[in-house]
Every structure is written in structure tokens, then in C-alpha cells.
Protein chains: 2
Amino acid sequence: MKVVTLVGGVGGAKLAYGLSRIVPPDDLTIIVNTADDFWHYGLRICPDLDTITYTLSGLVDPVNGWGLAEDTTQMLEALRRYGEDAWFRLGDRDLATHLIRSERLRNGERLTTVTAHLTAKLGILPAILPMTDETVATKVMTREQGELDFQTYFVRHRWQPVVTALRFDGLEQAKLTSEGRRALQQADIILIGPSNPWLSIDPILSLPGVRALLATLSIPRVAISPIVGGKAIKGPAAKLMAELGFSVSASEVASHYGELINGFVLDQVDYGQYVPQKQVLTCETVMNSEQDKVQLAETVLRWIKGWK
Amino acid sequence: MKVVTLVGGVGGAKLAYGLSRIVPPDDLTIIVNTADDFWHYGLRICPDLDTITYTLSGLVDPVNGWGLAEDTTQMLEALRRYGEDAWFRLGDRDLATHLIRSERLRNGERLTTVTAHLTAKLGILPAILPMTDETVATKVMTREQGELDFQTYFVRHRWQPVVTALRFDGLEQAKLTSEGRRALQQADIILIGPSNPWLSIDPILSLPGVRALLATLSIPRVAISPIVGGKAIKGPAAKLMAELGFSVSASEVASHYGELINGFVLDQVDYGQYVPQKQVLTCETVMNSEQDKVQLAETVLRWIKGWK
């Protein structure tokens with residue numbers, strides 16, 4: 001059973017980790033949002049790819065869910081000594097990832113190839129694929145400050161500005177990678193992780209041809225709600241939904257994906273929410289421990305395999 | 001009395017530090033070799049500029065004489081986890097310098113401007129000028145391994161290969177900066193630091209027009225010998241001289257500079273060495289303590305001011 005999962009950062013990484021423990025590596029492909037990526041001090045920073053990579057390698061900071069465990073910030077403090085604002089956290093160990101990646105990209109390598117190199121060196125066996133090798137950049141229109149680059153909104157302003165619209169710069173010119181396309185075409189199950197539907201999953205789905213491709217696949221296409229009890233487990237998903245005029249609920253997430261999915265997983269606290277025209281699984285979806293991650297992956301896959 | 005000093009790395013930095021303690025900042029210009037500079041993981045690394053900057057700011061590692069005191073190597077260790085060779089030491093704090101510089105250079109700033117920014121932020125008042133804004137790269141022809149990039153020879157192979165020739169790639173197209181030219185034209189004294197004459201000073205002197213410019217200046221032009229008692233205080237100067245067929249002595253350094261200098265300072269252990277057609281000062285030149293550095297600068301300047 002070939003499983004492809006579409007993910008953003010921390011929430012998606014937890015699901016991907018759970019899957020990686022129970023799906024044979026050759027049967028698991030993780031397609032990752034890259035619309036949050038940006039250049040900073042000449043470094044190409046790919047927050048979601050790194051969160052997935054660090055999580056699957058076991059090196060992730062267990063408290064934050066991103067960055068490397070026990071990383072230090074000597075470089076950042078030295079930046080500040082030079083009077084730099086240094087608003088984006090760059091751990092010292094984390095820098096090695098960015099330096100290797102940036103140099104290889106400048107030398108003309110595809111992000112897909114660079115990611116395969118980095119993940120292989122950390123002993124990761126499943127394929128971690130950036131959604132595209134082209135540059136896509138989320139732009140956030142805010143009420144207070146006009147349009148902001150994503151990381152300026154997300155990190156510098158701690159997602160406090162009120163969002164009125166989103167756009168993905170470069171998306172029309174970008175392409176799903178051939179590796180990603182092949183994985184989707186060969187998939188037996190597609191899982192959309194409990195990531196931010198608007199910020200993390202929409203960029204992947206909105207790549208030219210991806211929605212049309214998914215519509216041709218007569219296989220289980222299941223999303224896991226990142227909204228639990230009307231709140232986001234982490235990050236701005238709930239705040240963003242409210243600002244964009246949606247009710248903040250799991251069922252609203254399901255209707256956002258619409259016919260793109262034919263199955264939906266919501267948390268037990270949202271038992272009974274109205275999710276029409278889809279297979280629905282209600283279970284514990286909040287992943288704290290390692291066991292939670294494996295168990296959610298197992299529960300969801302077992303449920304899907306039982307579909308008629 | 002306007003003083004211009006031409007320097008390379010550690011030895012020159014010690015003299016520059018001594019000068020900076022006794023010469024008013026507006027009257028001191030430090031012109032620095034950049035032929036050792038190179039790109040590494042997308043970072044523009046300028047070893048001599050950084051050694052001078054770190055020394056004058058008081059941040060230098062007092063044991064090595066280069067790098068930042070109490071720096072850490074988390075990034076390097078993370079590079080190695082990715083299987084990288086990581087042969088060039090990049091301290092975590094040190095990285096901030098390279099990141100700021102590289103980004104500004106990529107944005108089209110001149111190295112002169114970038115250096116002025118970095119040194120000002122560290123509270124350094126005298127002008128520290130790269131010899132040129134263009135790229136010059138020392139290439140070392142070795143008996144064992146053919147031609148090597150300078151840092152490959154110097155750091156990776158710890159200057160152990162036997163050198164048969166040197167060349168400075170890009171030198172013919174490079175220009176002394178306008179700031180450097182003005183400083184030399186307005187100088188009352190030119191001091192060549194106790195740096196490696198072949199590797200650190202020759203690139204500066206060999207920039208188009210520099211030797212001709214110096215020849216027009218009827219002022220004291222004094223070199224301090226980096227060779228003391230037939231040995232180099234630090235680095236490959238003595239080994240290199242022998243390999244290039246010179247006798248390893250202070251007087252050989254003086255004759256290498258020839259008519260470009262009209263004064264020469266040699267260490268007291270070399271008292272009596274034959275240095276024709278120049279003013280000669282014999283004194284303690286080895287700089288260990290802070291006091292040594294100030295004292296050598298004082299002694300040399302007082303001696304020059306007494307010239308008839």
C-alpha cells in the first residue's frame with residue numbers, strides 16, 4: 001500500500017513520523033509545502049522541509065517541534081552585536097543545513113536533489129519531496145501593515161496582524177516535481193496531514209495540475225483536521241480561519257477541501273460534527289508522545305483499509 | 001602624522017593594534033591583503049580582514065591570534081554529521097561576520113563599504129581598508145599536488161606541501177581602492193607590517209600602480225621583518241622562503257622589498273645583519289603582550305620621526 005502524505009510543518013511532521021514507523025520506507029512519500037521558504041542572509045531556509053527532516057531523523061527539538069534539539073544561538077548573538085535585528089531564529093547547528101542547501105542550490109542543483117542528499121545523510125529512508133523545485137512565496141495581506149512576506153508575518157510579527165487575504169507568488173509558474181507526480185499517480189492512499197489548510201496545504205494543492213490530478217485518482221484521499229475543539233493545536237490556523245470569515249471548526253476544514261477528499265478524520269472532541277459526503281473517522285488526533293503519532297497513523301491507515 | 005600600514009593576518013594585526021593605541025584614529029589607515037579571501041559554503045571569508053577587525057575590537061581569540069575568543073563550533077560539527085569534510089574552521093560567532101558580509105556583497109556593496117560597516121559596528125575607529133574591491137586569489141604551485149587554492153594549501157594541508165611558485169589570480173584586473181590610494185598619497189609614514197612578504201604583502205604591492213605610487217612618495221617607507229633569528233614568528237614565511245630559494249633571514253626580507261622601502265626594522269637577535277642603503281632600527285620586535293604591541297609601534301614611530 002503506497003502512502004503519500006501532503007504536509008506543512010510541525011503537525012504534519014508528527015503524522016509523517018508516525019507513518020514512517022509503520023509504512024515500509026519505499027511505500028511512503030512525504031510531499032512538503034515550500035511556500036514558506038525564503039532567503040535570509042544568503043541562506044535558503046525551508047522551514048517545513050527542515051521540520052519534517054529533523055523530526056524523521058529524531059534530531060528535532062522536542063519542546064518546539066521544530067529546530068534541532070539542544071541547538072545554540074552563538075551566531076544569532078553575534079549578529080546582534082553587529083546591530084542586526086536577527087528576528088529569525090537560526091540555531092548554530094541548524095545553520096549547517098542551510099549552508100549546504102544554499103550552496104548546492106546556487107550550484108544549480110534542484111531542491112529535490114538537495115533534500116534527498118540531506119535526508120539520506122541523516123539516515124532517513126522515506127522520500128521527502130519539496131512540492132516544487134521552483135520558488136513559490138506566500139504573501140500575507142494584513143489589515144495593519146499591508147502585504148507582508150510570510151516569515152515577516154509569521155515569525156517577526158508572531159502572526160499577530162489580521163489577515164485579509166493570501167496569495168502564493170510564483171505559483172502559476174511552478175510545477176509539482178516529477179517525483180511528486182509519480183508518487184501521487186502510484187499512490188494507494190493520500191493523506192493530508194493536520195497542517196494549516198490555507199497556509200501549508202493550499203500551496204501544494206494549488207500547483208498547476210495538482211487538483212486535476214487528484215480528481216482522477218479513485219483512491220482514498222483523506223485529510224486530518226488541524227482544528228480540534230474549535231482551536232488550532234499550534235500556530236495561526238484558527239485565528240486565520242476567523243479572519244478570513246470562516247467558522248473555526250473541523251467541518252469547515254472538511255468543506256474547504258471539498259471533493260478533493262473523500263475521507264476526513266476529526267478529533268473525538270468534535271464527535272458528531274456535520275461532514276457530508278465523506279467517510280468520517282472520529283478518534284484521538286492530538287499527538288504529544290511518540291506513541292500518539294504511531295497510533296494515529298495506525299488508526300487512520302487501518303480505518304482506510306476497511307473502506308468498502 | 002598620517003600613518004598607513006600594509007598588513008596581512010596575525011603579525012600585521014598585532015602591529016596595527018599597537019598603532020591604534022597611539023595614533024589618533026583619523027591619522028591611521030590599515031590596508032589589508034585580500035588575496036587569501038575565498039568563497040566557502042556561499043560565505044565570503046576574508047581571513048586577514050577578520051583577523052585585523054577582531055584584533056582591533058578586542059574580540060580576537062588571544063591564543064590563536066585569529067577567530068573570536070570563546071567561539072564554539074556547533075555548526076562545524078553539524079556539517080560533519082552531514083558527511084561534509086569541514087576542513088576550514090568556521091566558529092559559530094564568526095559566522096555572523098561572514099553572513100552579513102556575503103549578503104551585502106551579493107547585494108552589490110563594495111568590500112570597502114561592507115568592511116567599514118562591520119568595523120564601525122564593533123567600535124573600531126581607524127580605517128580598515130581591503131586592498132581592493134575586486135577578487136584576487138592566491139594560487140600556490142606545489143611540488144606534490146600541483147596548483148592549490150590558497151586556503152587548501154594553507155589550512156587544509158597546513159602549509160606542508162613544498163611551494164615552487166605563487167601567482168595572484170585576478171591581480172592584473174584589480175585596482176587599489178580610491179580610499180587606499182588617497183591614504184597612501186596623504187601618508188607621512190608607510191609601515192609594512194611583520195607579515196609574510198610573499199603571501200600577504202606582495203599582493204598589495206603588486207596591484208597595478210601601487211609600486212609606482214610608492215616610488216613617488218618621498219616619505220619614510222619602513223618594513224618590519226617577520227623573520228626573527230632565521231625563523232618565522234608564525235606561519236609559513238620561513239618555510240616558503242627556503243622553498244623559493246632564498247636564505248631565511250631578515251636581510252633577505254629587506255632585499256625582497258628593495259627600493260620600495262627606505263627603512264627596515266629587524267629584531268635584536270638579528271643585530272648586525274647586512275641591510276644596505278636603508279635606515280635600520282634594531283629592537284625587540286616579537287609581540288606577545290599588549291604592551292609589546294604598543295611598545296613596538298611607539299619605538300618604530302619615534303625612530304622614524306628622528307630621521308634626518
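Matching residues to (1) at pLDDT 95 or above; (2) within 24 Å of A:LYS305 (Cβ to Cβ); (3) more than 8 Å from every other protein chain (Cβ to nearest Cβ):
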| position | (1), (2), (3) |
| --- | --- |
| A:VAL3 | yes, yes, yes |
| A:LEU6 | yes, yes, yes |
| A:ILE22 | yes, yes, yes |
| A:LEU28 | yes, yes, yes |
| A:ASN33 | yes, no, yes |
| A:ASP36 | yes, no, yes |
| A:THR53 | yes, no, yes |
| A:LEU56 | yes, yes, yes |
| A:SER102 | yes, no, no |
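If you check A:THR142 against the conditions, is it away from chain B (no Cβ under 14 Å), modelled with pLDDT of 95 or more and closer than 30 Å to A:ALA212 by Cβ? Here the answer is no, as A:THR142 does not meet what is asked.
In the set (1) aromatic (Phe, Trp, Tyr); (2) away from chain B (no Cβ under 14 Å); (3) out of contact with any Gly (no Cβ under 8 Å at 6 or more places or on another chain), A:TRP159 fails one condition alone, (3).
Scanning segment A:144-152 for any residue that is under 30 Å from A:THR113 (Cβ atoms) and hydrophobic (A, V, I, L, M, F, W, C) turns up at least one such residue.
Only residues that are buried (at least 21 other Cβ atoms within 10 Å of the Cβ) and not polar (S, T, N, Q) were counted in segment A:108-119, giving 3. What do you reckon, is A:TRP303 within 23 Å of A:VAL23 (Cβ to Cβ) and assigned to a loop (DSSP other than H, G, I, E, B)? When the stated conditions are applied, A:TRP303 does not pass them.
Being within 16 Å of A:PRO194 (Cα to Cα), at pLDDT 95 or above and surrounded by fewer than 17 Cβ atoms within 10 Å (Cβ to Cβ) is the requirement here; does A:ASP267 meet it? No.
Meeting the requirement of 3 or more residues that are outside the structural domain of A:LYS121 (by TED's automatic domain parsing), no strands (runs of 3 or more DSSP E) wholly within segment A:18-103 can be named.
Only residues that are in contact (Cβ under 8 Å) with a residue 12 or more places away in the chain, facing another protein chain (nearest Cβ under 9 Å) and of a type in the set (D, E, K, R): list them for segment A:71-100, please. Across segment A:71-100, the qualifying residues are A:ASP71, A:ASP92, A:ARG93, A:ASP94. Here A:ASP61 fulfils each of the conditions (1) surrounded by fewer than 23 Cβ atoms within 10 Å (Cβ to Cβ); (2) within 14 Å of chain B (Cβ to nearest Cβ); (3) closer than 19 Å to A:ILE192 by Cα apart from (3).
Would you confirm whether any residue within segment A:46-57 is farther than 16 Å from B:ALA96 by Cα, surrounded by fewer than 19 Cβ atoms within 10 Å (Cβ to Cβ) and in contact with a Ser or Thr (Cβ under 8 Å, 6 or more places away or on another chain)? The answer is yes; a qualifying residue exists.
Across segment A:91-107, the qualifying residues are those that are out of contact with any Ser or Thr (no Cβ under 8 Å at 6 or more places or on another chain) and small (Gly, Ala, Ser), and the one among them that is surrounded by the most Cβ atoms within 10 Å (Cβ to Cβ) is A:ALA96.
If you go through segment A:282-304 one residue at a time, do you hit one that is over 30 Å from A:GLY58 (Cα atoms) and either in contact with a Pro (Cβ under 7 Å, 6 or more places away or on another chain) or at pLDDT 95 or above (or both)? Within segment A:282-304, none of the residues are over 30 Å from A:GLY58 (Cα atoms) and either in contact with a Pro (Cβ under 7 Å, 6 or more places away or on another chain) or at pLDDT 95 or above (or both).
Quick one: which of A:ASP37, A:ASP50, A:ASP61 is within 23 Å of A:ASP169 (Cα to Cα), within 18 Å of the chain's Cα centre (by Cα) and without any contact (Cβ under 8 Å) to a residue 60 or more places away in the chain? Of A:ASP37, A:ASP50, A:ASP61, the one residue that is within 23 Å of A:ASP169 (Cα to Cα), within 18 Å of the chain's Cα centre (by Cα) and without any contact (Cβ under 8 Å) to a residue 60 or more places away in the chain is A:ASP50. Looking across segment A:106-136, the residues that are more than 9 Å from chain B (Cβ to nearest Cβ), within 14 Å of A:ILE45 (Cβ to Cβ) and of a type outside the set (Val, Ile, Thr) come down to A:LEU111, A:PRO130.
The values are calculated or read from the model by the stated rules, or taken from the named source; none is laboratory data. Treat the numbers as computed from the prediction; the structure is a model and nothing was measured. FYI the Cβ positions are ideal-geometry reconstructions off the backbone, even for glycines, and counts take in every protein chain you see.
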